[in-house]
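Quick notes on the structure that follows.
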Amino acid sequence: MIGTTSPCILAEGRVCHRGCETRQCIAWTVIYPHPDNAEHFKRYYKGTHVPLVRQLPGLKSCSYAYPAALGDAGGAPFCIFQAWFDRADAMGQALQSDMGKKVAADVPIYSPKGATLFHFAQQN
């Protein structure tokens, strides 16, 4: 089984291409554990949470996926989200903004088990 991926359209209704092919961008990644109610998670995530995330200042692009484990390996997260920013400070400012705080406060509504967050600089 192949995981599914959904692109994020920015708040202005446009797809933003990262343009990270020629420079280093910062990825903010969130992985979610398997929820007790997968349908509620998916419905709320797509309909409410992702539209909030799309409003983060400085966001270049974002996407999310519901991955499938390869082979017999278990432990694939339920959902993976990635958001791309030009610089680490832009990501930090977005997460500390009023919208960033609203995004963070929204997580327990669809993922009571929490999430794991990390970031990295893309290596070309």
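Summary table below
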item	result
Residues of the stretch 103-114 satisfying the condition of being of a type in the set (Val, Ile, Thr) and either in contact with a Ser or Thr (Cβ under 6 Å, 6 or more places away or on another chain) or closer than 22 Å to Ile26 by Cβ (or both)	Val103, Val107
Residue satisfying all of: in the stretch 78-93; surrounded by 16 or more Cβ atoms within 10 Å (Cβ to Cβ) and more than 13 Å from the chain's Cα centre (by Cα); farthest from Ser111 (Cα to Cα) among these	Asp86
Some residue of the stretch 37-46 being free of Cβ contacts under 8 Å to residues at least 24 places away in the same chain and either part of a loop (DSSP other than H, G, I, E, B) or among the aliphatic types (A, V, I, L, M) (or both)	yes
Unmet requirement for Leu117, which otherwise passes all of (1) under 15 Å from Ala27 (Cα atoms); (2) surrounded by 14 or more Cβ atoms within 10 Å (Cβ to Cβ)	(2)
Search result, residues across the stretch 20-76 that are loosely packed, with under 13 Cβ neighbours inside 10 Å and of a type in the set (A, V, I, L, M)	Ala38, Ala68, Ala69, Leu70, Ala73
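Bear in mind these aren't lab numbers, they're just calculated from the coordinates by the rules spelled out. Note that the coordinates shown come from a computational prediction; the quantities given were computed from them, not determined experimentally. Backbone-built Cβ (ideal geometry, glycine too); neighbour counts: all protein chains shown.
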